[in-house]
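As structure tokens, the structure follows; a few thoughts come after it.
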Amino acid sequence: MSRSLILLLLPLALVTQSCKTSEITIPDLRNHVQFLASDNLKGREPGTVEDRLAAKYIKDALQDDGLTMLGERGYQFFTFVKEQKLGQCSFALEQQGSLELGKEFTLFPFSGTDSLSAEAVFVGFGIASNSPTFTWDDYQTVTVTGKWVLILRGNPGTDTTGNPFEQYTGDRIKALTAKEHGAKGVIMVSGVSFDKDDALVDPLTKDYSIDIPVIQVTRSVANSILSKSSKTIEALESEIRLKQERNSFEINSTISAKAELKSIKEKTQNVVAILEGCDPLLKNEIVIIGGHFDHLGMGGPNSSSRKQDTVAVHNGADDNASGVAAMLEIAQKMAKQRKHIKRSVVFLAFAGEELGLLGSKYFVNTPIVDISKSQAMINLDMVGRMSPEKMLQIGGVGTSDNGLSILLATANPDSLKLATSPEGYGPSDHASFYGKNIPVFFFSTGAHLDYHTPFDDVERINFNGLKSITEFTYNLALSLANAPSKLSFKEAGPKVSNYSRSKRFKVTLGIMPDVSGQQNNGLRADFVTAGKPAARGGMLNGDTIISIDGKAVNNIQDYMVRLGGLKEGQTISVEVIRNSERKILIIKL
């Protein structure tokens with residue numbers, strides 16, 4: 001962390017900490033939000049100096065309240081892929097010479113890093129299906145082993161309704177199909193029907209490599225590759241679509257190319273502290289209170305900002321300085337009441353939530369406390385914009401046997417109106433805990449027009465409302481910590497994210513997959529839902545899927561591709577790694 005930045009922000013941090021009282025107050029909440037959402041912290045982007053400064057501020061606040069810091073002096077460090085960068089890339093045709101990167105060719109973001117000089121084969125739209133109801137194999141009449149394949153993007157279907165080619169259209173599935181047929185490199189081109197502008201893809205969107213070069217070229221380059229055949233991309237695309245017939249052939253042209261994509265990794269950190277309970281037995285159980293402290297940095301292209309044309313500080317006052325401020329105030333008050341709190345309380349500030357729940361995923365998979373002893377997890381995410389109607393949204397109330405009754409007994413109908421939902425899954429860090437059979441409560445005042453924009457500022461926080469929510473959360477946490485018995489977990493809604501339930505998937509295995517992006521050697525099943533195909537086939541929580549029907553699964557993207565090709569009633573083989581051993585499971589969908 002730069003010394004100049006520390007010196008610049010130290011006075012504000014000291015003033016903020018020194019103003020704290022033993023009660024939950026609006027001045028304390030405002031000070032926390034003002035510091036975390038200040039322009040000086042530049043949007044708290046994971047892996048930056050400002051990210052570390054925000055974490056230190058939170059750690060110092062918890063430590064000053066007398067809590068015991070866990071992990072490495074209060075931090076739980078982990079690495080993540082921050083961005084991708086192009087390395088040394090080249091593309092040369094024997095009849096034309098070297099081409100210009102970014103103008104005539106580029107890489108797909110899932111390209112592998114490798115060099116290849118080989119002949120090329122045109123394989124139409126690069127589709128291979130042996131479905132009983134739909135057969136189309138662009139590889140049937142050609143051999144592509146060790147060669148480049150040239151593939152048209154899109155598909156030959158002309159009717160978007162009931163198009164049998166739809167599930168084979170994606171660039172990634174085509175590249176994987178080519179790899180499975182022995183190709184050592186893939187070249188794709190957009191036909192006129194697919195993209196009349198012939199735009200090149202953005203190679204720097206974070207994705208998982210498929211280990212062979214995958215390159216996009218412009219139509220003029222593709223036509224140069226095809227020059228010996230006297231065919232053009234425009235004519236081939238039109239002909240295949242019109243006749244609905246496959247057309248694959250040897251090109252007899254050598255292509256030499258090098259593809260290099262570099263994954264730039266950074267380190268970030270969760271902040272973890274514990275307040276030990278006073279009961280000799282119940283102190284071994286824990287209540288977890290958490291919220292994420294990261295945000296979008298400066299926004300801009302390829303970020304999650306809803307104003308991608310604007311590069312400016314995304315302060316994230318509501319998302320989620322508000323939740324962290326509430327957590328810090330609860331920790332401060334509980335520390336003063338420790339003699340009256342029976343269970344231990346863990347306070348967690350998560351990093352990397354905006355990148356896919358990275359911090360909470362990392363915590364539940366490499367916990368530094370025994371999460372099986374969890375009474376409940378309370379997640380505070382965007383609690384700073386209470387409406388005049390005083391509405392507070394609370395999800396997860398159906399994830400325990402009597403969580404809702406405890407919640408309602410705690411609420412004051414004059415200060416808050418509760419809109420409850422039973423489902424445990426949701427787009428925030430509590431989902432990681434729900435996947436581990438832990439009852440959850442998800443607190444939020446909901447989305448607004450400033451969400452993920454540079455306008456989520458301190459001035460727009462309703463501090464009166466934030467104080468009411470913080471006091472209510474404190475009372476709920478106290479009730480949970482002192483309840484005579486441990487809550488019993490109940491499954492409430494699916495434990496899978498929206499993508500695995502989207503319309504393009506006809507079946508589901510019934511797992512909650514790891515979406516953290518921390519591995520590229522298989523896909524871990526964080527949770528296997530009882531009674532679903534995976535569970536019936538013997539899959540267990542923590543199994544890592546490495547192939548489906550003999551086709552490799554290295555990551556979540558591969559899994560989605562494989563899932564898209566499955567049908568209800570089908571019996572598949574799934575290879576998993578369990579405790580370092582490979583096992584084959586037979587699963588009926």
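General remarks:
- Candidates D64, D51, D39, filtered to the one that is surrounded by fewer than 19 Cβ atoms within 10 Å (Cβ to Cβ) and within 18 Å of N315 (Cβ to Cβ): D39
- If you go through the range 131-157 and keep only what is over 22 Å from I225 (Cβ atoms) and either at pLDDT 95 or above or in contact with a Phe, Trp or Tyr (Cβ under 9 Å, 6 or more places away or on another chain) (or both), you end up with F134, W136, G157.
Results for (1) more than 33 Å from the chain's Cα centre (by Cα); (2) more than 16 Å from Q244 (Cβ to Cβ); (3) in the same structural domain as S220 (by TED's automatic domain parsing), shown as yes or no for each residue.
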| position | (1), (2), (3) |
| --- | --- |
| S111 | no, yes, yes |
| A120 | yes, yes, yes |
| Q140 | yes, no, yes |
| V144 | yes, yes, yes |
| R153 | no, yes, yes |
| G157 | no, no, yes |
| E166 | no, no, yes |
| D171 | no, yes, yes |
| L176 | no, yes, yes |
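- Checklist (1) modelled with pLDDT of 95 or more; (2) buried (at least 24 other Cβ atoms within 10 Å of the Cβ); (3) in contact with a Lys or Arg (Cβ under 7 Å, 6 or more places away or on another chain) applied to L348, failing item: (3)
- A single entry from F455, F442, F472, F433 fulfils the requirement of being among the aromatic types (F, W, Y), in the same structural domain as D294 (by TED's automatic domain parsing) and either without any contact (Cβ under 8 Å) to a residue 40 or more places away in the chain or surrounded by fewer than 19 Cβ atoms within 10 Å (Cβ to Cβ) (or both): F455.
- If you filter the range 256-280 down to residues that are modelled with pLDDT under 95 and of a type in the set (A, V, I, L, M), you find that the one that is nearest to G124 (Cα to Cα) is L261.
- When K206, K196, K179, K184 are checked against the criterion of being in contact with a Leu (Cβ under 7 Å, 6 or more places away or on another chain) and farther than 13 Å from F125 by Cα, K184 stands alone in meeting it.
- Q88 satisfies every condition listed in (1) under 20 Å from S227 (Cα atoms); (2) touching a residue at least 60 places away in the same chain (Cβ under 8 Å); (3) surrounded by fewer than 17 Cβ atoms within 10 Å (Cβ to Cβ); (4) not basic (K, R) except (1).
- Hey, I210 β-branched (V, I, T), touching a Phe, Trp or Tyr at 6+ places or on another chain (Cβ under 7 Å), in a strand (DSSP E or B) and in contact (Cβ under 8 Å) with a residue 12 or more places away in the chain or not: no
- The range 66-109, subset of a type in the set (A, V, I, L, M, F, W, C), more than 25 Å from the chain's Cα centre (by Cα) and outside any loop (DSSP other than H, G, I, E, B), residue farthest from K56 (Cα to Cα): L93
- Search result, residues across the range 438-472 that are farther than 23 Å from P388 by Cα and either among the aliphatic types (A, V, I, L, M) or at pLDDT below 95 (or both): I438, V440
- When residues in the range 383-431 are screened for being among the β-branched types (V, I, T), within 24 Å of L357 (Cα to Cα) and not in a loop (DSSP other than H, G, I, E, B), 2 of them pass.
- Top-ranked residue in the range 232-255 [being of a type outside the set (D, E) and either in a loop (DSSP other than H, G, I, E, B) or outside the structural domain of D211 (by TED's automatic domain parsing) (or both); ranked as surrounded by the most Cβ atoms within 10 Å (Cβ to Cβ)]: S248
- Hits in the range 265-304 - residues which are buried (at least 23 other Cβ atoms within 10 Å of the Cβ), more than 21 Å from the chain's Cα centre (by Cα) and of a type outside the set (G, A, S): V272, L275, I286, V287, I288, I289
- For the range 365-373, the count of residues that are more than 30 Å from K206 (Cβ to Cβ) and in a helix (DSSP H, G or I) is nonzero.
- Residues satisfying the stated conditions in the range 306-326, i.e. at pLDDT below 95 and closer than 21 Å to H292 by Cα: R306
- Selected residue (criterion: farthest from I461 (Cα to Cα)) from residues of the range 305-330 that are surrounded by fewer than 24 Cβ atoms within 10 Å (Cβ to Cβ) and aliphatic (A, V, I, L, M): V311
- Of everything listed in (1) in a helix (DSSP H, G or I); (2) more than 22 Å from the chain's Cα centre (by Cα), the single unmet condition for G359 is (2).
- Pairs meeting the criteria (first residue in the range 52-76 and within 18 Å of K336 (Cβ to Cβ), second residue among the aromatic types (F, W, Y) and crowded, with 21+ Cβ neighbours inside 10 Å, beta carbons under 8 Å, at least 6 apart or on different chains) are L62/F347; L67/F347.
- Only residues that are in contact (Cβ under 8 Å) with a residue 60 or more places away in the chain and within 27 Å of T254 (Cβ to Cβ) were counted across the range 187-203, and they come to 5.
- Taking the range 532-589 as the range and being over 29 Å from T169 (Cβ atoms) and of a type in the set (S, T, Y) as the test, only S580 passes.
- Scan of the range 352-381 for residues that are among the basic types (K, R) and surrounded by fewer than 24 Cβ atoms within 10 Å (Cβ to Cβ), ordered by number: K373
- Residues located in the range 164-184, provided they are of a type in the set (S, T, N, Q) and part of a loop (DSSP other than H, G, I, E, B): T169
- Elements of the type strands (runs of 3 or more DSSP E) sitting completely within the range 509-589 and holding at least 3 residues that are within 23 Å of N130 (Cα to Cα) and in contact with a helix residue (DSSP H, G or I) (Cβ under 9 Å, 6 or more places away or on another chain): these cover 581-588.
The values are calculated or read from the model by the stated rules, or taken from the named source; none is laboratory data. Here the structure is a predicted model, which means the values were calculated and not measured. Neighbour counts are summed over all protein chains in view; Cβ atoms, including those assigned to glycine, are modelled from backbone coordinates with ideal geometry.
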